[in-house]
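Take a look at the structure set out below.
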Amino acid sequence: MTLGTWLALFVALVVTAEIVRVLRHRAMRHERWRRFFRHRTTTWGLGILTFLVIVALAAPLVAPYDPDKQLDIVHLKNHPPSWTFLLGTDVLSRDVWSRTVYGARVSLGIGALGALVAVALGTLVGAVAGYYQRWIDAVLMRGVDVGLALPRIFILLMAVALWDGLPFAALIIVIGLTSWFGTSRLVRAEVLSLRQRDFVVAARALGAGSGRVIFRHVLPNAAAPIIVSAALGVGNVLLLEASLSFLGIGVKPPEPTWGNMIADNAPSIYTAPWSTLFPGLAISLVVLSLNAVADGVRDALDPRAEAA
Amino acid sequence: MTIPGAPVLLRVRNLKTYFVTEHGKGTAQAVDDVSFDLYPGETLGIVGESGCGKTVTSLSILRLVPEPPGHVLPGSLIEFEGRNLLALPAPELRAVRGNQIAMIFQEPMTSLNPVFTVGDQIAEAAIIHQHLSRSAARARAIEMLRLVGIPDPDERVDHYPHQLSGGMRQRVMIAMALVCHPKVLIADEPTTALDVTIQAQILELLDRLQHELGMSVLLITHDLGVVAGHADRVVVMYAGRVVETAPTDALFERPTHPYTEGLLAAVPRIDAPRTRLHAIPGQVPAATAWPPGCRFHPRCPYAWDKCVAQEPPLLEVGDEAGHTARCWLVTEPERKVSKR
């Protein structure tokens, strides 16, 4: 680690603290966002996520070494954490810290984009099924049942077998296409109850068409569960990517992701635990933080809390 | 007031709206063969107790009955300016909703979307039907808020529904309904959820706006006091049927159907000696199994065997034009006298 990387890391920490402080300060003015910051875990979760995103964006500044470079395969293999190698080196003498930082880009990117695809699709299908009901609902929901019944890893393995080396975008799409079933059920249930509400009938009485009713009157009122399911979805996609990479069918090595870092170093888990521990820790940290943030968002958007 | 010989604005004929109930308990005949006319500029009251089909009638006019389980039977006619609304394709129907015929609902608490400002919601109809720009629609919303008597409309336009009181919300609902200057306003129990002083204000507001904008109002209520003060003509409904229609004065002076009579007797009067309040015995029967013959006969003090055997048609009472009652007493008035 050079002085420059330490400095960059310090700046990242300061920026994170400042962002969280400003957000908190702004939130205090609004009742609902004050509820968001009510739990300390939510604030911590937000801080950790912000820090990881900043570090991922500033990877070239924060990482002291080229993540793919084998520094010295003979002498620096499985080097334990030290001041030179903050998190040690892996089985191929690559710097674990640098790989974790660059891996954050890929892992968080896949997580966010995959969850976005999944939630968008799930929301659309759920809203259509819940709003139109009858045969449309029946057909879509039986489809969802089938999707939920098939093991996801199995579908992904099939896609990988057909594609032979998935490009990044295809991986995101495939993950997204297999992750929306739960969201669609959630949204459908929400829409089923919302479409009976008086304000929806009132909107139709004003001459609003189905699209307008769904997107302006129904879905905004279902925002809370959708956002929560998106936040949890990022965690799930992250884990899925990790397991795919672990199986060697996710992102192609040597490109670092948290998943294939664990996969690469699993054989030396007893002799050099740091090279699997830290990417694993990163995954756990993100999933935990997302859960904490999702809890806060749910509290903030819950209309029942509005009256209190 | 009704202008004799004026063209009918909204003609409802033989309206039947049935609901299929779950678990095969049969079909609920919520509205069963209802006919009435609405003339330009008049206020027509529809009264009846809960479950008699008032609300379903009003929802049927704009085809807002939830389908399934409900459906309007073929053969029903709802004619507005010469077009049958029941046969209109969806886009044309949407052009009528909120634009030509608007509706306000019973519950101002739940009829506004909690996540949008009242200004956005008032502006919506103007954006849909008149294709106004956002800023023009906003100006329009402020103008409407002023029209319905909300103080500080420039500020209130950005408020959310939960920041307003019940009376204010009902004013907002009225503003939403009237943005496009509809020809017909359907007011479904507009004051039921409000307390009495606010009720009076809202009804006065409706009267004023009706005169200013020259629209017809279909006032649906269970409150005869509201009808007495605000309607020109009244349709009394019972068990999915029209049982009496009359100009308001005639209805209050000479109620002909025993049900109307019972309703009037059940209104507490400030000038009458304090006695136990009159009540019509029994309850409205279930809509899945209306009684045979006259549907009111199980609760009617005058009922005789003819009432059980055969349902009367709407008969001309003869005292005034447009006063009809669905009761055999019209043909055999001596039976009522003998009972007393």
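Which whole-angstrom value gives the distance between the alpha carbon centres of the range A:21-81 and the range A:146-165? Using only Cα atoms to place each centre, the spacing works out to 32 Å. Of the residues B:ALA287, A:PHE168, B:VAL226, the one whose Cα sits farthest towards the positive end of the charge dipole of the protein assembly as shown is A:PHE168 (charges of +1 on Lys and Arg Cβ, -1 on Asp and Glu Cβ, taken about the Cα centre). Across the range A:12-72, the mean sequence separation of Cα contacts (distance under 8 Å, 6 or more residues apart), normalised by length, yields a relative contact order of 37 percent. Take the convex hull of the alpha carbons in the protein assembly as shown; its mean projected area over all directions comes to 37.2 nm².
Note on the range A:187-251 and the range B:277-303: Cα centroid distance 48 Å, given to the nearest whole angstrom. On the basis of the beta-carbon distance and an R0 of 22 Å, A:ALA170 and A:VAL146 show a calculated FRET efficiency of 0.50. Work out the FRET efficiency for A:ALA58 and B:ASN84 from their Cβ-Cβ distance, taking R0 = 56 Å, and round it to the nearest 0.05. That pair, A:ALA58 with B:ASN84, gives E of 0.25. When you restrict to C-alpha pairs under 8 Å that are six or more residues apart and normalise by the size of chain B, the relative contact order lands at 19 percent. Under 5 Å between amide hydrogens, built in the peptide plane, is the criterion, and for B:ASP33 it picks out B:LEU15, B:LYS16, B:THR17 among residues at least 5 positions away or on other chains.
Annotation: amide H of B:ILE46 within the under-5 Å range of B:LEU219, B:ILE220, B:THR221, B:VAL235, sequence separation 5 or more or interchain, hydrogens built in the peptide plane.
Give me the dipole magnitude in Debye, nearest 20, for chain A about the Cα centre, with unit charges on the beta carbon: positive for Lys and Arg, negative for Asp and Glu.
Values: 27 positive and 19 negative charges, 256 e Å.
Value, rounded to 20: 1220 debye.
Taking other C-beta atoms within 10 Å as the exposure proxy, A:LYS77, B:LYS25 rank B:LYS25, A:LYS77 from fewest upward. 3J(HN,Hα) along the range B:71-86: 7, 8, 6, x, x, 6, 9, 10, 9, 10, 6, x, 10, 7, 4, 6 Hz, from the Karplus curve 6.51 cos²θ - 1.76 cosθ + 1.60 with θ = phi - 60°, whole Hz, x for Gly and Pro.
At 0.36 nm per residue, and after removing the present C-alpha to C-alpha distance, how many nm does the segment from B:ALA200 to B:GLU316 gain when stretched out fully? Can you show the working numbers first?
Working: separation 116, 0.36 × 116 = 41.76 nm, distance 3.38 nm.
So the chain would gain 38.4 nm between B:ALA200 and B:GLU316.
Short-range pairs are left out: with C-alpha atoms under 8 Å and at least six residues apart, the relative contact order of the range A:67-307 is 26 percent. For the range B:1-101, applying the loop criterion from DSSP together with a ceiling of 15 other beta carbons within 10 Å to the chymotrypsin sites (Phe, Trp or Tyr not before Pro) yields no site.
Quick one: work out Rg over Rh on the C-alpha atoms of the range B:3-136, Rh as Kirkwood radius. Across the range B:3-136, the Cα-based Rg/Rh ratio is 1.00.
Please report the projected area of chain B's Cα convex hull averaged over all directions, in nm².
If you wrap the Cα atoms of chain B in a convex hull and average its projections, you get 19.2 nm².
For the range B:150-192 and the range B:232-260, what is the separation of their Cα centres, given in Å? Taking the Cα centre of the range B:232-260 as reference, the centre of the range B:150-192 is 30 Å away.
The simple Förster model, with R0 at 56 Å and r as the Cβ-Cβ distance, assigns B:THR21 and B:LEU277 a FRET efficiency of 0.95.
Among the helices of chain A (complete DSSP H runs), which have Cα atoms covering no less than 27 Å along the helix axis and a Kyte-Doolittle mean of at least -1.0? All intermediate terms of the calculation are to be shown ahead of the outcome.
Numbers: long enough: A:3-27 (36 Å, 1.26); A:96-132 (52 Å, 1.24); A:223-246 (34 Å, 1.69); A:274-301 (40 Å, 1.17).
Qualifying helices: A:3-27, A:96-132, A:223-246, A:274-301.
Each label point was placed 7 Å from the Cα along the Cα-to-Cβ direction; for B:ASP33 and A:LEU192 their separation is 3.8 nm.
Translational diffusion coefficient of the range A:67-307 (Stokes-Einstein, Kirkwood radius from Cα pairs, 20 °C, 1.002 mPa s): 108 µm²/s.
Each residue in B:CYS294, B:CYS300 was given a count of other beta-carbon atoms within 10 angstrom of its own, and listing them fewest first yields B:CYS300, B:CYS294.
Residues whose amide H falls under 5 Å from that of B:ILE186, counting only those 5 or more places apart or on a different chain, are B:ALA102, B:MET103, B:ILE104, B:LEU218, with hydrogens built in the peptide plane.
Distance between the 7 Å Cα→Cβ label points at B:GLU212 and A:TRP163: 6.2 nm. Across peptide A:217-228, the mean count of Cβ atoms from other chains lying within 10 Å of each residue's own Cβ comes to 1.
A simple rule links phi to the HN-Hα coupling: the Karplus curve 6.51 cos²θ - 1.76 cosθ + 1.60 with θ = phi - 60°, which for the range B:306-323 gives 4, 5, 6, 7, 9, 7, x, x, 6, 9, 5, 6, x, 7, 8, 4, x, 9 Hz, with x for Gly and Pro. The alpha-carbon of B:LYS306 sits under 20 angstrom from the alpha-carbons of these lysines, leaving out residues fewer than 8 places away in its chain: B:LYS336, B:LYS339. Here the convex hull built on the C-alpha positions of the range B:231-315 has a volume of 114 cubic angstrom per residue.
Sequentially through the range B:97-110, phi angles give Karplus couplings (6.51, -1.76, 1.60; θ = phi - 60°) of 4, x, 9, 9, 10, 10, 9, 10, 10, 5, 9, x, 5, 10 Hz, Gly and Pro residues having no value and appearing as x.
Every number here is computed from the coordinates shown, using simple stated rules; none is lab data. These numbers were taken from a predicted model, which means no experiment stands behind them. Cβ atoms come from the backbone with ideal geometry, glycine included; neighbour counts cover every protein chain shown.
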